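Nothing in this text is a laboratory measurement; each read-out follows from the coordinates by a stated rule. Here the structure is a predicted model, which is why all the values come from computation and not from measurement. FYI the Cβ positions are ideal-geometry reconstructions off the backbone, even for glycines, and counts take in every protein chain you see.
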Amino acid sequence: SCSASVLEARRFFELENEQLRRRFHEEFLSGYNYNTNVTEANRQAMIEVYARNAELNKRLAQQIKSSDYVQSEDADIRRQAEHLSKLGASALNADDYLALQNAISSMQTNYATATVCSYTNRSDCSLTLEPHIQERLSHSRDPAELAWYWREWHDKSGTPMRQNFAEYVRLTRKASQLNGHRSYADYWVQFYEDPDFERQLDATFKQLLPFYRQLHGYVRFRLRQHYGPDVMPAEGNIPISLLGNMWGQSWNELLDLFTPYPEKPFVDVKAEMEKQGYTVQKLFELGDQFFQSLGMRALPPSFWNLSVLTRPDDRHVVCHASAWDFYQDSDVRIKMCTEVDSHYFYVVHHELGHIQYYLQYEQQPAVYRGAPNPGFHEAVGDVIALSVMSAKHLKAIGLIENGRLDEKSRINQLFKQALSKIVFLPFGYAVDKYRYAVFRNELDESQWNCGFWQMRSEFGGVEPPVFRTEKDFDPPAKYHIDADVEYLRYFAAHIFQFQFHKALCRKAGQYAPNNSRLTLDNCDIFGSKAAGRSLSQFLSKGNSRHWKEVLEEFTGETEMDPAALLEYFEPLYQWLKQENSRLGVPLGWGPTDKIPS
Ligand SMILES: C=C(C[SeH])C(=O)N1CCC[C@H]1C(=O)O
Ligand SMILES: [Zn+2]
């Protein structure tokens with residue numbers, strides 16, 4: 001039975017959700033205009049829309065707080081009321097809100113436009129992160145050149161942003177206190193709707209650390225073989241500039257240096273793609289076809305007409321990949337500076353996962369057009385990529401010859417996957433353990449730079465290639481720290497994606513426990529309508545139900561659990577333990593000496 005008050009409440013939220021949808025629509029349009037054409041005018045226009053909407057969101061939150069909607073007899077009304085009364089920066093007064101958005105967008109503009117000088121031609125200072133600097137970090141094998149680009153980028157994109165970052169910390173702290181949170185970190189944690197979240201996170205990281213230590217030890221050993229003891233001390237922290245990525249968050253650009261069985265066919269997918277004339281368009285078409293093969297949504301025409309898929313040469317764009325929902329008419333877009341190689345092949349699928357999620361929950365009221373756990377949104381595309389990057393699938397699309405791996409090739413394949421999935425864990429963990437400490441004032445401002453490197457060393461055994469002090473400020477060299485994007489969502493996604501993968505592989509008949517032919521690393525769900533129905537069922541709920549309920553319907557579990565990840569990598573973990581003891585590889589590391597002791 002619906003009492004009069006529930007009917008009235010439903011009417012109220014129906015109207016407010018339509019208003020909210022329109023606000024989201026204009027907010028993301030203005031954000032997209034700035035991100036795809038970084039000019040001062042577009043930055044100002046974006047902030048004006050944000051400020052106007054913040055005022056309206058604050059008014060709605062106040063209206064709900066002064067009502068009894070959060071005590072409604074109707075669970076859905078209660079959930080909507082709780083979500084719409086959660087304020088972030090919108091709680092600030094107009095001046096503070098503007099100051100905060102100016103601080104964030106100034107850091108973003110700097111990140112999007114920073115350039116560095118070439119190592120080989122010091123008078124050419126036009127090199128951008130994507131594609132120039134990233135290409136050098138991926139392919140150079142000269143430690144001096146690698147250190148040059150690492151330092152140049154951190155000096156240009158990080159250090160000048162220290163004041164903006166300090167302003168950001170001050171004003172987000174003020175907003176959180178206005179909302180009754182202890183800190184901005186606690187505001188972020190509430191999006192996991194689980195008071196136990198931080199403890200689970202710490203426990204999961206500790207559980208996976210032994211595996212990471214084995215991988216770290218083996219990579220350090222092989223780097224030492226290649227570069228010699230002066231560049232890579234036997235038990236030292238690994239210099240990040242040697243790892244093929246600006247932040248050391250994935251190491252698979254180094255595969256040619258130390259794949260376990262180099263005599264086995266090492267497939268360079270990039271070369272094969274070039275040989276077959278792959279285009280950026282083709283990468284996106286393959287991703288689109290994968291979701292359609294599952295019986296899920298196709299990319300709408302507006303996606304192809306309005307997305308920015310490659311770096312334009314006539315204007316500045318924020319190259320960091322992102323997927324956009326315009327909350328209207330299935331208008332969904334991707335903005336990224338795609339290159340044709342296996343890294344971007346992964347990123348394309350990662351972003352298309354966001355796009356599919358937007359399309360699957362678009363019938364929900366605006367308040368529910370999101371993920372119930374931030375980690376879910378970052379996991380969807382990665383799950384598809386786990387199938388796409390399998391030898392079985394790469395063979396099916398003609399990118400490699402041999403789809404059935406013998407034991408040694410399987411170890412090579414698992415090693416390649418571990419260089420992104422396992423390597424990422426200490427990085428994903430450190431980025432927000434650092435920001436939580438900053439937001440909670442546990443890390444004093446006088447330690448903001450050295451504290452960052454101390455944590456990167458403690459959690460991941462990596463360090464800067466050159467000595468750093470508090471005269472430097474390195475954290476804003478990472479996009480998400482400039483752009484106020486919470487980062488533990490990616491750590492959570494690296495765990496959830498294997499739970500999702502296992503459930504979908506089972507549904508697709510591609511996985512059976514203890515069946516050596518149907519293992520998780522040899523599963524490709526392409527074409528499985530059963531898997532597609534299950535995934536669609538999961539995604540279409542949006543944020544309308546608690547993530548534990550939705551997860552239980554999807555995989556039968558109610559927690560974030562690394563068991564599926566460990567099952568996927570088990571053969572590699574065993575191989576690493578045997579190989580490291582056979583070679584006498586030292587494990588573990590001490591504190592970095594690249595900061596003042
Ligand atoms: C591709 C995206 C856009 Se949501 C991204 O930021 N990712 C994807 C994996 C980790 C994280 C990163 O690049 O730091
Ligand atoms: Zn993402």
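Using only the alpha carbons, work out the radius of gyration and Dmax of the range 29-83 in angstrom.
For the range 29-83, the Cα radius of gyration and maximum Cα-Cα distance read 16.6, 49 Å.
Over the Cα atoms of the range 344-391, what Rg and Dmax result, in angstrom?
Taking only Cα atoms of the range 344-391, I get Rg and Dmax of 11.8, 40 Å.
Could you tell me how many cubic angstrom of Cα convex hull volume the range 256-381 has per residue?
Output value, Cα hull per residue: 161 Å³.
What percent do you get for the relative contact order of the chain when only Cα pairs under 8 Å and 6+ apart count?
Value for the chain: 19 percent.
Each residue of the range 246-255 in turn: what ³J(HN,Hα) in whole Hz from Karplus with 6.51, -1.76, 1.60 and θ = phi - 60°, glycine and Pro shown as x?
Each residue's phi maps through the Karplus curve to give 4, 10, x, 8, 8, 10, 6, 6, 9, 3 Hz.
How many Å³ per residue does the convex hull of the Cα positions in the range 155-269 occupy?
190
What Kirkwood hydrodynamic radius do you get for the chain when you take the inverse of the mean 1/r over all pairs of distinct Cα atoms, in Å?
With all distinct Cα pairs of the chain included, I get 25.1 Å.
Write down the Å³ per residue value for the convex hull defined by the alpha carbon atoms of the range 100-139.
Here the figure is 67 Å³ per residue.
For the chain, what is the mean residue ellipticity at 222 nm derived from helices alone (per DSSP H run of n ≥ 4: -39500 (n - 2.57); sum divided by total residues; nearest 500 deg cm²/dmol)?
-18500 deg cm²/dmol
For the range 281-297, take each phi angle, set θ = phi - 60°, evaluate the Karplus expression 6.51 cos²θ - 1.76 cosθ + 1.60, and give the result in whole Hz per residue in order, putting x for glycine and proline.
Values per residue, Gly and Pro as x: 3, 5, 4, 6, 5, 4, x, 4, 5, 4, 5, 5, 5, 8, x, 9, 6 Hz.
Tabulate in residue order the Karplus-calculated ³J(HN,Hα) for the range 143-151, using 6.51 cos²θ - 1.76 cosθ + 1.60 with θ = phi - 60°, rounded to whole Hz; enter x for Gly and Pro.
x, 5, 5, 5, 5, 4, 5, 4, 5
Take Asp593 and Asn402, extend 7 Å from each Cα along the Cα→Cβ direction, and tell me the distance between the two endpoints in nm.
According to this spin-label approximation, the distance is 4.4 nm.
Starting from the alpha-carbon convex hull of the range 1-105, give the projected area averaged over all orientations, in nm².
Seen from a random direction, the Cα hull of the range 1-105 projects 7.0 nm² on average.
Of all the Cα-Cα pairs you can form in the range 1-44, what percent are over 15 Å apart?
Of the Cα pairs, 59 percent sit more than 15 Å apart.
Once you list every other residue whose beta carbon is under 11 Å from the beta carbon of Cys125, what net charge do they have if Lys and Arg are +1 and Asp and Glu are -1?
Its environment carries a net charge of 0.
Could you tell me what % of all Cα pairs in the range 105-175 have separations over 15 Å?
Tail of the P(r) past 15 Å holds 57 percent of the pairs.
Could you tell me the ratio Rg/Rh of the range 60-127? Both radii from Cα atoms, Rh via Kirkwood.
Result: Rg/Rh = 1.41.
For Asp329 and Arg11, what does the FRET efficiency come to when R0 = 25 Å and r is the distance between their Cβ atoms, rounded to the nearest 0.05?
0.50
Over all directions, the average projected area of the alpha-carbon convex hull for the range 470-597 comes to how many nm²?
12.7
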